[in-house]
Each structure stands twice: as structure tokens, then as C-alpha cells.
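The values are calculated or read from the model by the stated rules, or taken from the named source; none is laboratory data. Please read all numbers here as calculations on a predicted model, not as lab measurements. Counting neighbours? That spans all protein chains shown, and the Cβs are built from the backbone with ideal geometry, glycine included. The area values use the complete protein model at the heavy-atom level, side chains included, leaving out ligands, DNA and RNA. Shrake-Rupley method; radii C 1.70, N 1.55, O 1.52, S 1.80 Å.
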Amino acid sequence: MWIFNRKGASGFSYSSTAEDVTHGIDGSGLTVIVLVSSSGIGTETTRTLGLRGVHVTMAVWNMAAGKDVREAIEKEIPVAKVDVMELDLSSLASVRKFAADFISSGRPLNVLINNAGVMAIPFTLSKDNIELQFATNHLGHFILTNLLLDKMKETACETKREGRIVNVSSEAHRVTYREGIRLDKINDQQRYSRYLAYGQSKLANILFTNELTKRLKEDGVEITANSLNPRAITTNLFRHMTLINGLASTVGRLVLKNVQQGASTTSYLALNPQVKGVRSEYFLDNNLATPTTLARDMDLAKRLWDFCMDLVK
């Protein structure tokens with residue numbers, strides 16, 4: 001449909017693919033971590049970045065599936081440089097081990113893409129006794145980013161290249177609990193809503209981006225942080241939502257983005273020179289968009305940051 005091809009200020013649109021938004025960009029010399037669920041936009045982002053010469057480390061929960069993805073990418077793109085490391089975002093111990101192992105490898109880190117997550121699952125506690133959607137979709141990203149920040153700062157300083165942190169959020173951030181983030185009721189099973197809890201975690205992604213940007217600017221570091229909505233995509237993210245999963249499977253090809261289109265905004269923020277120096281913005285279809293008022297509440301962002309710091313001590 002013509003409306004999906006209407007280009008925004010960036011020159012790209014809803015229909016643009018990850019390859020479109022990175023066309024002609026030489027990513028050689030860059031090292032990127034992509035949090036991947038071994039499928040979907042994380043995989044396509046990895047493939048596209050590999051195509052552009054980037055050295056990519058896939059952080060995956062399922063190592064066997066991750067290795068299959070790496071082999072498929074290397075078969076298609078023989079020059080691609082892809083590593084696979086194990087990461088369970090819902091486990092703080094796993095997050096800390098991943099960060100320690102990556103730092104010990106001696107590799108630089110130019111870009112961190114916080115992508116993987118779960119959606120609308122029944123009430124469950126993580127290994128650390130934290131509601132699983134909040135633990136996986138936000139807290140895992142929060143602690144991993146903080147653990148890798150010194151490595152990113154070091155890389156930006158040594159290479160004189162801007163570092164970038166890309167946080168994949170969702171339009172679901174608009175549908176959350178009344179207070180936005182239930183800081184004192186994260187584990188309240190009685191009033192738990194799988195959909196509102198998902199929206200809460202996605203709102204947290206944007207708030208984290210904004211508070212992180214504030215702190216990076218105060219440090220005078222050449223690292224940007226932005227968030228995005230990839231839109232609804234035909235992936236297995238809907239697996240816990242039986243009816244919606246069925247609809248996504250049957251009509252998804254007509255009304256939802258495909259994976260190549262879904263990975264475009266992530267890839268755009270990771271590599272495209274148009275966003276150099278852009279900070280604390282929210283993107284949709286490779287263009288600037290406006291999140292909710294709650295998502296721009298800097299007091300809430302600060303309180304969320306402090307809450308998470310206390311939570312992981």
C-alpha cells in the first residue's frame with residue numbers, strides 16, 4: 001500500500017528494510033553486541049550488520065539455535081564475523097557472567113543493541129524472584145548496559161568514534177499501569193496483568209534510555225542512547241498469546257511488517273550516520289516519533305533508575 005511507502009524526514013519509511021537503511025555504509029572496524037532471541041529482528045539485525053562488515057557478538061539464551069544462526073549467516077556472507085555467547089537476560093548471574101566474559105575477551109564495544117525479551121506471559125518470577133517480564137525486558141538490559149559502559153567509554157575514547165546504545169521498546173509502552181511503573185508492586189501477583197506488565201517493561205526501556213542519556217552527557221562521553229518501536233512483526237514473540245499468535249500467523253503477511261522491515265529501525269540507529277549525535281529520542285519506522293508523557297517524565301526515570309540499582313545490589 002502506498003501509505004507504507006511514504007518516506008519521512010530520514011528518507012526511509014515503514015516499508016524500508018534493514019538493508020535499505022544501511023545501504024552503502026561500511027561498518028568494518030565496529031564491534032556490536034546484539035541481544036538475540038535466536039530468531040526475529042535480532043537475527044536479521046545481526047545478518048545485516050554482518051553484511052556491512054561489522055563484527056557482531058550475538059547474545060543468546062539458546063546456544064544451539066544461536067550457532068545455527070551464525071552458520072546460516074556465514075554461509076550466506078562468508079566474510080561475516082559473528083560470535084555467539086550465552087546470555088539469560090532473566091538471570092542477574094548470567095548477565096554478570098556475560099559481561100565479565102566479554103570484557104575479558106579484550107574486544108572493543110562500539111554499539112550495544114538491547115533487543116531480546118518476552119511478551120504478555122502469565123505471572124512468573126525470575127530466578128532472582130522478580131516478575132519475569134520486568135526482569136527480562138528491562139532489568140537485564142539495565143544491568144548489562146551498566147556493566148559494559150566502561151568498555152564502551154574506553155572504545156569511544158580510543159577509536160574517536162561515537163558509541164551507540166539502542167533500546168528496543170514498543171508502542172505497548174502506551175498501555176501500562178496507571179502509575180506507569182509500579183515501583184512498589186513489581187511482584188504483586190494479585191493485581192498482575194500480563195498486558196499491562198508488558199507495557200510497563202516497554203515504558204521502562206524508554207525511561208532508562210532518557211536517564212542514561214542524562215548521565216552520559218554529564219560524563220561528557222561520546223555515547224548516544226535512543227529507543228525505538230519496531231512495530232508488530234510476524235515473529236514468535238506472540239507465542240504466549242494464543243489468539244493473537246493465530247491471527248499473526250494467518251494475516252501477518254498482509255498487515256504486519258516482515259522481519260527485514262522490522263529490523264530496519266534497529267539497524268538504522270546502530271549504523272546510519274544520520275543519527276550521529278542524536279540522543280534520548282524515540283524512533284518509529286526509521287524516523288523520529290513522540291512517546292507518551294509518562295515516557296518523558298524525568299522524575300519517574302530517575303526513580304526507576306534508583307529502584308533498579310537497589311534491586312540488583
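Using Cα centres only, tell me the gap between the stretch 15-32 and the stretch 261-286 in whole Å.
11
What fraction of the DSSP beta bridges in the chain is antiparallel, stated in percent and rounded to the nearest 5? Spell out each step's value before the answer.
Working: 5 of 34 bridges.
Looking only at bridges with both residues in the chain, the antiparallel portion is about 15 percent.
Rounded to the nearest whole Å², what accessible area per residue is found for the chain with the 1.4 Å probe? Each step should come with its number before you reach the end.
Details: 13720 Å² over 313 residues.
Heavy-atom SASA per residue in the chain reads 44 Å².
Give Lys185/Lys313; Lys217/Lys313; Lys217/Lys302; Lys151/Lys217; Lys7/Lys202; Lys214/Lys257 a once-over and call out the pairs whose C-alpha atoms are over 22 Å from each other.
Numbers: Lys185/Lys313 18 Å; Lys217/Lys313 25 Å; Lys217/Lys302 15 Å; Lys151/Lys217 17 Å; Lys7/Lys202 26 Å; Lys214/Lys257 33 Å.
Distance filter (> 22 Å) returns Lys217/Lys313; Lys7/Lys202; Lys214/Lys257.
Among Ile103, Ile113, Ile143, which one moves the most in a GNM of the chain with springs linking Cα atoms closer than 10 Å?
Of the options given, Ile103 has the highest mean-square fluctuation.
Could you grab the relative contact order for the chain? Cα pairs under 8 Å, six or more apart, rounded to a whole percent. Provide the component values of the computation, followed by the final result.
Numbers: 608 pairs, mean separation 67.1, N = 313.
Relative contact order comes out at 21 percent.
Can you return the aspartates and glutamates within cross-link range of Lys127? Criterion is Cα-Cα under 12 Å, with same-chain partners fewer than 8 residues away left out.
Asp88
Please check: in the Gaussian network model of the chain (C-alpha springs, under 10 Å), which one of Arg52, Arg215, Arg164 has the largest mean-square fluctuation.
Of Arg52, Arg215, Arg164, the most mobile in the Gaussian network model is Arg215.
Rounded to the nearest 0.05, what FRET efficiency do Ser28 and Ala72 give with R0 = 25 Å and r taken as the Cβ-Cβ distance? Could you check? Spell out each step's value before the answer.
On the way: r = 21 Å, r/R0 = 0.85.
Here the calculated transfer efficiency is 0.70.
Pop the C-beta distance of Glu19 and Met309 into the FRET formula with R0 = 51 Å and round what comes out to the nearest 0.05. Don't skip to the end; give the middle numbers.
Values: r = 39 Å, r/R0 = 0.76.
So, using R0 = 51 Å, E works out to roughly 0.85.
Which shape class, rounded, prolate or oblate, goes with the stretch 1-128 when its Cα gyration tensor gives a ≥ b ≥ c as root eigenvalues, a/c under 1.5 marks rounded, and past that a/b bigger than b/c marks prolate?
On the way: a/c = 1.99, a/b = 1.31, b/c = 1.52.
Here the stretch 1-128 falls in the oblate category.
Viscosity 0.692 mPa s, temperature 37 °C: give me the Stokes-Einstein translational D for the stretch 116-179 in µm²/s, with Rh taken as the Kirkwood radius over C-alpha pairs. Show your work: numbers first, answer last.
Values: Rh = 14.1 Å.
In µm²/s, the coefficient rounds to 234.
Share of antiparallel DSSP beta bridges in the stretch 35-167, in percent to the nearest 5? Numbers along the way, then the final one.
Details: 1 of 13 bridges.
Counting only bridges with both partners in the stretch 35-167, antiparallel ones make up about 10 percent.
How far, in nm, would the chain grow between Arg231 and Ser193 when pulled straight, counting 0.36 nm per residue and subtracting the alpha carbon separation? Walk me through the numbers on the way to the answer.
Working: separation 38, 0.36 × 38 = 13.68 nm, distance 2.15 nm.
Length gained between Arg231 and Ser193: 11.5 nm.
Ignoring any ligand, DNA or RNA, what whole percent of the accessible area of the stretch 88-137 comes from carbon and sulfur when the probe is 1.4 angstrom? Provide the component values of the computation, followed by the final result.
Details: 980 of 1690 Å².
Result for the stretch 88-137: 58 percent of the exposed heavy-atom area is carbon or sulfur.
With each label point set 7 Å from Cα along the Cα-Cβ vector, what nm distance links Glu86 and Asp150?
Roughly 2.5 nm, to one decimal.
Picking from Val166, Val54, Val79, which is most flexible by a Gaussian network model of the chain using Cα springs under 10 Å?
So, out of Val166, Val54, Val79, the one fluctuating most is Val79.
For Ser105 and Val278, what is the calculated FRET efficiency with R₀ set at 30 Å and r taken between the beta-carbons, to the nearest 0.05?
Details: r = 29 Å, r/R0 = 0.98.
The pair Ser105/Val278 has a calculated efficiency of 0.55.
How far apart, in nanometres, would the label points at Leu183 and Lys217 be if each is projected 7 angstrom from Cα along the Cα-to-Cβ direction?
With each label placed 7 Å out from Cα toward Cβ, I get 2.1 nm.
Could you give the nm distance between label points at Arg6 and Leu125, where each point is 7 Å from its Cα heading toward the beta carbon?
4.9
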